[in-house]
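Worksheet: one structure, shown below.
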Amino acid sequence: MKLEHVTQYESSFLSFLIKDMHADAAHDINHLKRVVKVAIQLAIEAQAELAVVIPAAWLHDCVSLPKNHPDRAQASKMAGDKAIDFLASIQYPSVYLEDIHHAITAHSFSANILPRTLEAKIVQDADRLDALGAVGVARCMQVSGALNRPLYSSDDPFCETRSPDDAHYTIDHFYTKLFSISKTLNTAVAQEEGKKREAFMKAFLSQLREEI
């Protein structure tokens, strides 16, 4: 399906999300818009099926649970189910629904599901890139602030002599997860961009070290 044919559905996607989406500040509509933008760029580069990538990117967080929720690992499956019900209700072409469901389910780091299609790899890459770079730093702070976690350990801010513990310290999340993301990216374009964004995050920590 061509880009212009898919984008005619976007107003419906947005209306659905505004009405039914209950997410934290780091998983808001602006997060979705960034993921969609990057996913389209990656899909065009890889000649992937836009009719799968675009709705999956828009709807991948239509169910979003807090990071400390006991069912966090099931959130992407719940989002996939909800998205398919919605897409069926607006008569979105059914031939794409199975692949859309898989792309949504596989996007999540917590779910630990291996993407088996190019489109799922692209949606996963686009979402993970949004956890890196300047936006990634800001989102990390948003999530940790909502969970009332201090910025760093006063004894060892950068985990030089202790194991990272992101359940208690914000900066530790860089070491437990964020600095490993670029190695999990699937497409060459995303891998290159991931390295650039990771370099910015390391520069941020260097500046933070100077300031504290």
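Tabulated values for the structure
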| quantity | calculated |
| --- | --- |
| Any hit, region 114-128, residues being in a helix (DSSP H, G or I) and farther than 19 Å from residue 41 by Cα | no |
| Hits in region 181-197 (condition: open to solvent by less than 30 Å² (accessible area, probe 1.4 Å) and among the hydroxyl-bearing types (Ser, Thr, Tyr)) | 182, 187 |
| Per-region count, region 143-156, residues open to solvent by less than 30 Å² (accessible area, probe 1.4 Å), among the small types (Gly, Ala, Ser) and assigned to a loop (DSSP other than H, G, I, E, B) | 1 |
| Residues being assigned to a helix (DSSP H, G or I) and of a type in the set (Asp, Glu) - total across region 162-180 | 1 |
| Single match in 52, 63 (criterion: modelled with pLDDT of 80 or more, under 17 Å from residue 113 (Cβ atoms), touching a helix residue (DSSP H, G or I) at 6+ places or on another chain (Cβ under 8 Å) and part of a helix (DSSP H, G or I)) | 52 |
| Subset tally (residues that are in contact with a Leu (Cβ under 9 Å, 6 or more places away or on another chain) and open to solvent by 10 Å² or more (accessible area, probe 1.4 Å)) for region 43-60 | 7 |
| Selection from region 136-178 of residues that are in contact with an Asp or Glu (Cβ under 9 Å, 6 or more places away or on another chain) and among the acidic types (Asp, Glu) | 165, 166, 172 |
| Odd one out for residue 200 among (1) open to solvent by 50 Å² or more (accessible area, probe 1.4 Å); (2) touching a residue at least 40 places away in the same chain (Cβ under 8 Å); (3) part of a loop (DSSP other than H, G, I, E, B); (4) not polar (S, T, N, Q) | (3) |
| So residue 119, is it more than 22 Å from residue 24 (Cβ to Cβ) and crowded, with 19+ Cβ neighbours inside 10 Å | yes |
| Residue among 140, 159 that alone is open to solvent by less than 30 Å² (accessible area, probe 1.4 Å) and assigned to a loop (DSSP other than H, G, I, E, B) | 159 |
| Residues of region 166-180 that turn out to be surrounded by fewer than 14 Cβ atoms within 10 Å (Cβ to Cβ) and either more than 18 Å from the chain's Cα centre (by Cα) or touching a residue at least 12 places away in the same chain (Cβ under 8 Å) (or both), as a count | 2 |
| Residues of region 88-140 satisfying the condition of being over 15 Å from residue 187 (Cβ atoms) and among the hydroxyl-bearing types (Ser, Thr, Tyr) | 89, 92, 94, 96, 105, 108, 110 |
| Matching residues, region 1-42, being surrounded by 18 or more Cβ atoms within 10 Å (Cβ to Cβ), in a helix (DSSP H, G or I) and either among the β-branched types (Val, Ile, Thr) or at pLDDT below 90 (or both) | 6, 26, 27, 35, 36, 38, 40 |
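The values are calculated or read from the model by the stated rules, or taken from the named source; none is laboratory data. Just so you know, these numbers come straight off a predicted model, no measurement behind them. Cβ: placed from backbone, ideal geometry, glycine included. Neighbour counts: every protein chain shown. Side chains are part of the model used for accessible areas, which takes the heavy atoms of the whole protein and leaves out ligands, DNA and RNA. Shrake-Rupley method; radii C 1.70, N 1.55, O 1.52, S 1.80 Å.
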